[in-house]
Amino acid sequence: MKKYEVMYILNPSLDQDAIAKEVASINAIFTSNDSKVLELKEMGLKELAYEIEKNRKGYYVWALVEANNTALNEFDRIAGYDEKVLRHIVVKYEA
C-alpha cells in the first residue's frame with residue numbers, strides 16, 4: 001500500500017467532543033478498509049485564507065495514512081457530503 005497525506009478542515013462551530021468524534025469517525029474509515037493511520041496531528045483552529053460556507057476559521061487535521069484505493073475513495077465520498085467537513089484533500093506522500 002502507498003502512503004498518503006490527508007488533510008481536512010472541520011467546521012469551527014463544533015465543540016471538542018464533536019471534533020474528537022468526527023476525527024475518530026474519519027480514522028475509522030481507513031481502519032475499517034484495511035488501511036492504517038500512521039500519524040495524526042490536530043493542528044487546531046486556524047484562520048482561513050478565504051471564507052468557506054460563511055466561516056472565517058476552521059479546525060485543521062492532518063494525517064499520514066497507508067491506504068488502499070477503497071479506503072481513499074470511501075474517505076473522499078464521505079468527506080464530500082459530511083457537513084462537518086468544510087474541505088479535504090489527499091496527496092501522495094513523498095518521503
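Every number here is computed from the coordinates shown, using simple stated rules; none is lab data. Please read all numbers here as calculations on a predicted model, not as lab measurements. Every residue, glycine as well, gets a Cβ built from its backbone with ideal geometry; the counts of neighbours run over all protein chains shown.
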Given (1) in contact (Cβ under 8 Å) with a residue 60 or more places away in the chain; (2) outside any strand (DSSP E or B), number of the condition E74 does not satisfy: (1)
Set A28, A95, A49, A20: member being assigned to a helix (DSSP H, G or I), exposed (fewer than 12 other Cβ atoms within 10 Å of the Cβ) and not basic (K, R): A28
(1) in contact with a helix residue (DSSP H, G or I) (Cβ under 8 Å, 6 or more places away or on another chain); (2) surrounded by fewer than 11 Cβ atoms within 10 Å (Cβ to Cβ) all hold for K54 apart from (1)
Counting just the residues of segment 57-95 that are touching a helix residue (DSSP H, G or I) at 6+ places or on another chain (Cβ under 7 Å) and of a type in the set (G, A, S), which one comes out nearest to I19 (Cα to Cα)? A71
Can we say E42 is surrounded by fewer than 17 Cβ atoms within 10 Å (Cβ to Cβ), without any contact (Cβ under 8 Å) to a residue 12 or more places away in the chain and either assigned to a strand (DSSP E or B) or on the phi > 0 side of the Ramachandran plot (or both)? no
